[in-house]
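Notes to accompany the following structure.
The values are calculated or read from the model by the stated rules, or taken from the named source; none is laboratory data. Please read these numbers as outputs of a predicted model, since none were measured by experiment. Quick reminder, even Gly has a Cβ in these numbers, built from the backbone with ideal geometry, and neighbours come from all protein chains shown. To get the accessible areas, we keep the full protein, side chains included, count just its heavy atoms, and leave off ligands, DNA and RNA. Shrake-Rupley method; radii C 1.70, N 1.55, O 1.52, S 1.80 Å.
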Amino acid sequence: MVKIIAFLKRKPGMSVEDFQAYWRTTHAGIVMQMPNLRRYVQSHTLLSGYRKGEPIYDGIAELWFENTDAMRALAPTKEYAAVMADEVNFIDQSKRDSIITDEHVIKDGAIPIDGVKNVEFVTHKPGMPIEAFQKHWREIHGPLGAAIPVVKGYVQSHTRLSIYKSGKAPIYDGVAITWFDSTQAMRESATTPEYDRTRADEPNFIAPGTLPIIITKEHVIKAG
């Protein structure tokens with residue numbers, strides 16, 4: 001399957017609580033009417049994430065389709081038009097972006113119902129070919145991250161190679177998603193030698209600087 005990940009910020013003047021409520025109820029109901037949609041997940045940035053300022057995103061939406069043909073077939077439908085028309089009611093369109101990805105399950109663990117989902121936005125090391133970046137991320141870095149004891153699940157979503165071949169420059173080269181029992185468990189992970197080895201490997205394939213992240217609560221709107 002193919003997965004679209006959309007990066008969302010609420011429209012100016014809208015509270016986080018109102019944004020989350022509208023997204024999870026009204027907008028979710030409209031999205032669910034789209035044909036060919038196989039799975040749909042919303043991940044809302046935790047309210048605690050706003051204590052020190054605005055996070056990079058208020059959440060991400062993940063939508064799965066059987067293939068790119070099924071995804072493209074949406075464009076002329078009235079259901080897709082309704083989704084796009086509703087976005088202006090709660091999303092800042094100037095900050096909305098998305099990538100089309102291939103998903104790689106690195107650690108297929110049981111996802112905690114009341115847990116948290118860490119979302120990292122990944123950009124490749126300058127000068128590194130995309131194919132080499134993806135191979136290193138999946139085959140070398142992936143097992144390092146999966147070895148962190150408190151990580152319950154780990155998925156890498158790689159921006160599709162066809163995007164680069166078309167000459168486009170995606171906003172990110174992928175998204176790393178990890179699940180934990182709690183934010184406390186996340187903090188504990190940073191004290192482990194496995195975490196240290198994971199972070200030490202990042203300069204080998206990721207652009208310099210701090211990885212943008214959001215810590216979220218996952219809402220499965222449509223299970224695949």
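Of the whole protein surface, Ser182 contributes about 40 Å² of accessible area at a 1.4 Å probe radius. The trypsin sites (Lys or Arg not before Pro) of the range 160-195 meeting both criteria, a DSSP state outside H, G, I, E and B (loop) and at most 13 other C-beta atoms within 10 angstrom of the site's C-beta, are Lys168. Please state the Cα pair-distance histogram of the range 91-224 with 5 angstrom bins from zero: what percent is in each bin? Binned Cα distances yield the sequence 2, 9, 18, 24, 20, 14, 9, 3, 0. Applying the Karplus relation 6.51 cos²θ - 1.76 cosθ + 1.60 with θ = phi - 60° to the range 105-116 yields 3J(HN,Hα) values of 7, 8, 9, 9, x, 6, 7, x, 4, 9, x, 10 Hz, where x marks Gly and Pro. Each residue of the range 45-61 was assigned a 3J(HN,Hα) from its phi angle through the Karplus expression (A = 6.51, B = -1.76, C = 1.60, θ = phi - 60°), giving 4, 4, 4, 5, x, 9, 5, 9, x, 6, x, 4, 9, 8, x, 10, 10 Hz with x at Gly and Pro. With a cut-off of 15 Å between beta carbons, the residues surrounding Ala21 carry a summed charge of 0, where Lys and Arg count +1 and Asp and Glu -1. When the helices of the chain are scored as -39500 (n - 2.57) per DSSP H run of n ≥ 4 and the total is divided over every residue, the value at 222 nm lands at -6000 deg cm²/dmol.
Whole-Hz Karplus values for the range 200-209 come out as 5, 7, 4, x, 6, 8, 10, 4, x, x Hz, taken residue by residue from phi with 6.51 cos²θ - 1.76 cosθ + 1.60 and θ = phi - 60°; glycine and proline positions read x.
Only protein heavy atoms count here; under a 1.4 Å probe, Val150 has an accessible surface of about 40 Å². Taking every protein chain into account, the 1.4 Å probe leaves Asp114 with about 130 Å² of accessible area, to the nearest ten.
Fully extending the segment from Val105 to Thr68, taken as 0.36 nm per residue of separation minus the present Cα-Cα distance, adds 11.4 nm.
Annotation: amide H of Arg10 within the under-5 Å range of Asp58, Asp92, sequence separation 5 or more or interchain, hydrogens built in the peptide plane. In plain terms, the chain from Gln33 to Ser98 could stretch by 21.4 nm, reckoned as 0.36 nm per residue minus the Cα-Cα distance. Which whole-number percentage describes the relative contact order of the range 122-189, with Cα contacts under 8 Å and a sequence gap of 6 or more? It comes to 38 percent, rounded to a whole number. Which percent of the accessible area of the range 90-218 is formed by carbon and sulfur heavy atoms (probe 1.4 angstrom)? Within the range 90-218, the accessible surface is 55 percent carbon and sulfur.
Normalised by the number of residues in the chain, the mean separation of alpha-carbon contacts (under 8 Å, six or more apart) gives a relative contact order of 30 percent. Simple point charges give the picture: +1 on the Cβ of Lys and Arg, -1 on the Cβ of Asp and Glu, and for the chain a dipole about the Cα centre of about 280 debye.
Listed by chain and number, the lysines whose C-alpha is less than 20 Å from the C-alpha of Lys117, apart from same-chain residues fewer than 8 away, are Lys3, Lys9, Lys52, Lys107, Lys152, Lys217, Lys222.
Once the Cα-Cα distance is subtracted from the 0.36 nm per residue extended length, the Ala82 to Lys222 segment shows a gain of 48.6 nm. Loop-located GluC sites (Glu not before Pro) in the range 12-120 (DSSP state other than H, G, I, E, B) with a sparse environment of at most 12 neighbouring Cβ atoms within 10 Å: Glu66.
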